[in-house]
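In what follows, a structure is listed as structure tokens, so that the remarks can point back to it.
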């Protein structure tokens with residue numbers, strides 16, 4: 001079974017929000033899961049504007065606790081309650097996120113109408129933090145001014161695809177189909193063993209999405225996200241401001257492209273632009289000098305892979 | 001000296017923000033002070049949209065810690081820092097506001113670029129919390145689901161106005177003018193005492209602004225804000241939903257108008273509308289049955305008195 005992976009950009013600008021430049025937040029749809037990634041101020045309004053159903057969001061992944069990735073979280077938590085949600089919500093983020101959310105709920109003397117769970121992160125190594133039958137989520141340790149993680153969302157490889165002509169020609173009983181799809185060989189009534197590769201096709205390539213923001217250029221990220229379908233990598237600066245990367249803990253478009261190239265991903269999405277720049281195309285042009293398949297995130301943009 | 005008082009409505013809708021309905025925040029300009037009152041999510045963007053200079057805001061008054069009055073505060077605090085502000089900022093609000101703000105600053109490992117002060121409130125009686133040569137600010141204890149205060153902003157009555165013809169005719173030395181403006185009588189060289197009332201006019205009436213949101217109908221408020229120039233009073237509901245006032249801690253348009261009438265204010269501004277209603281004019285019509293001078297707040301509206 002193949003399904004498309006879509007990324008809806010709710011906001012993709014660095015630092016303070018402007019009237020038409022939202023801070024970071026995006027929604028990944030992978031195997032019909034809606035994962036909300038980061039939650040800058042105004043995220044709940046952007047969700048409405050993008051017509052994303054609140055009730056379908058069951059997991060929120062926060063990269064780090066800088067305001068432009070985080071100050072919209074309490075609004076989302078509260079509004080879900082106002083809507084009398086009952087579906088549980090789990091929030092993944094750095095240690096401290098639970099305290100700050102629960103303190104605010106305590107001060108408002110209001111508790112959520114739904115079960116609210118936190119999974120606090122402090123590991124500096126990649127950590128599998130979510131798994132179900134279809135998808136896994138693993139942290140991508142980043143290098144920023146404060147503790148930060150990206151997230152790697154991966155479809156699980158599905159069953160092998162049955163070569164229906166082959167199994168019919170060999171008159172194999174339907175009872176064995178599941179075993180074959182799971183990789184087993186077939187044994188005919190005369191004892192002949194038919195190897196699995198003659199009965200099946202490879203399953204569709206499992207898709208994956210790597211979210212890396214905010215971070216300095218950290219080459220080892222490429223090893224972890226090899227062959228990802230799409231990489232969202234921050235590119236706060238153009239090469240002309242490369243000297244600002246170290247003090248601020250950010251990357252250039254070329255840094256992002258270098259990770260994409262090294263990881264051999266299919267697509268690179270740039271975002272988290274400093275608002276000092278007028279023309280976003282300069283980010284794309286710089287990245288294209290290193291990696292061929294570059295997309296520019298912008299608020300309201302939806303990418304389908 | 002007479003000056004106008006202006007109120008810029010940044011947001012005036014109850015509960016969850018929508019794409020075009022901002023939660024509560026407003027800026028009062030009184031004697032050239034810009035006071036930011038409440039700070040729902042998106043306030044910093046609304047400040048920009050309304051072209052209000054961040055640097056001129058030195059005092060923020062938070063009524064209570066429900067999200068729709070408060071979740072934009074951290075964004076404002078942080079953005080002021082990003083802009084490298086150095087002017088001190090003082091925040092007035094319920095006990096707990098300091099802890100939740102400082103915790104978030106601690107988690108981001110960033111401290112403000114400017115001195116940040118908190119004046120935490122817990123009194124159930126009106127309390128003078130700000131005073132300078134021109135203006136005073138006093139809390140207005142409200143009745144809501146959680147601890148909440150409105151704020152009463154009052155110009156100080158200025159000096160009496162010199163009757164320049166009178167003092168010239170009597171050949172009173174300029175050295176005495178200040179004493180006379182402050183209410184003193186004049187003594188002529190022959191010993192005659194000229195009473196102050198013959199030398200001065202009354203100063204212009206001091207203006208004042210009462211902000212009351214969120215609150216149930218609380219008649220005693222009227223005693224405190226007698227003859228105010230303008231009252232902003234929440235009117236979450238129409239009369240048809242009056243039964244919701246008690247469980248939610250809110251008022252109807254008629255409640256607001258009753259306070260305005262009892263206090264004999266000049267102007268009533270309604271706001272904090274539940275988003276369940278389509279036509280705001282219904283609020284005005286209901287209030288007009290009780291009080292004649294009713295204005296409807298709306299996002300972006302500016303009132304000058």
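For the range A:105-119, check the following and say yes or no: at least one residue is free of Cβ contacts under 8 Å to residues at least 12 places away in the same chain, surrounded by 16 or more Cβ atoms within 10 Å (Cβ to Cβ) and within 30 Å of residue B:248 (Cβ to Cβ). So far as the range A:105-119 goes, yes, one or more of its residues are free of Cβ contacts under 8 Å to residues at least 12 places away in the same chain, surrounded by 16 or more Cβ atoms within 10 Å (Cβ to Cβ) and within 30 Å of residue B:248 (Cβ to Cβ).
For (1) under 24 Å from residue B:41 (Cα atoms); (2) at pLDDT 95 or above; (3) within 14 Å of another protein chain (Cβ to nearest Cβ), each residue gets a yes or a no:
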position	(1), (2), (3)
A:77	yes, yes, yes
A:89	yes, yes, no
A:110	yes, no, yes
A:124	no, yes, no
A:133	no, no, no
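Report, by residue number, each residue of the range A:146-156 that is within 14 Å of another protein chain (Cβ to nearest Cβ) and either crowded, with 20+ Cβ neighbours inside 10 Å or farther than 23 Å from residue A:74 by Cα (or both). Give the steps one after another, and end with the answer.
Looking only at the range A:146-156, we keep the residues that are within 14 Å of another protein chain (Cβ to nearest Cβ), and these are A:146-148.
Within the range A:146-156, A:147, A:148 qualify.
Being in contact with a strand residue (DSSP E or B) (Cβ under 6 Å, 6 or more places away or on another chain), within 27 Å of residue B:45 (Cβ to Cβ) and assigned by TED's automatic domain parsing to the domain that holds residue B:127 is the requirement here; does residue B:287 meet it?
Working: in contact with a strand residue (DSSP E or B) (Cβ under 6 Å, 6 or more places away or on another chain): yes; within 27 Å of residue B:45 (Cβ to Cβ): no; assigned by TED's automatic domain parsing to the domain that holds residue B:127: yes.
Taking the combined requirement at face value, the residue does not satisfy it.
Taking the options A:192, A:289, name whichever one is more than 23 Å from residue B:79 (Cβ to Cβ), surrounded by fewer than 17 Cβ atoms within 10 Å (Cβ to Cβ) and free of Cβ contacts under 8 Å to residues at least 24 places away in the same chain. After ruling out the rest, the residue left standing is A:192. If you go through the range B:58-65 one residue at a time, do you hit one that is over 29 Å from residue A:110 (Cα atoms), out of contact with any helix residue (DSSP H, G or I) (no Cβ under 7 Å at 6 or more places or on another chain) and either touching a residue at least 12 places away in the same chain (Cβ under 8 Å) or more than 10 Å from every other protein chain (Cβ to nearest Cβ) (or both)? Yes - at least one qualifying residue is present in the range B:58-65.
Among the residues of the range A:17-37 satisfying the criterion of being within 14 Å of another protein chain (Cβ to nearest Cβ) and either at pLDDT 95 or above or crowded, with 23+ Cβ neighbours inside 10 Å (or both), which is nearest to residue A:112 (Cα to Cα)? Selected residue: A:25. Between B:278, B:249, the distinction of being touching a residue at least 60 places away in the same chain (Cβ under 8 Å) and either surrounded by fewer than 24 Cβ atoms within 10 Å (Cβ to Cβ) or in contact with a helix residue (DSSP H, G or I) (Cβ under 6 Å, 6 or more places away or on another chain) (or both) belongs to B:249 only.
The values are calculated or read from the model by the stated rules, or taken from the named source; none is laboratory data. Quick caveat: nothing in here was measured; it's all calculated off a predicted structure. Using ideal geometry, Cβ is built from the backbone for each residue, glycine included, and neighbour counts are taken over all protein chains shown.
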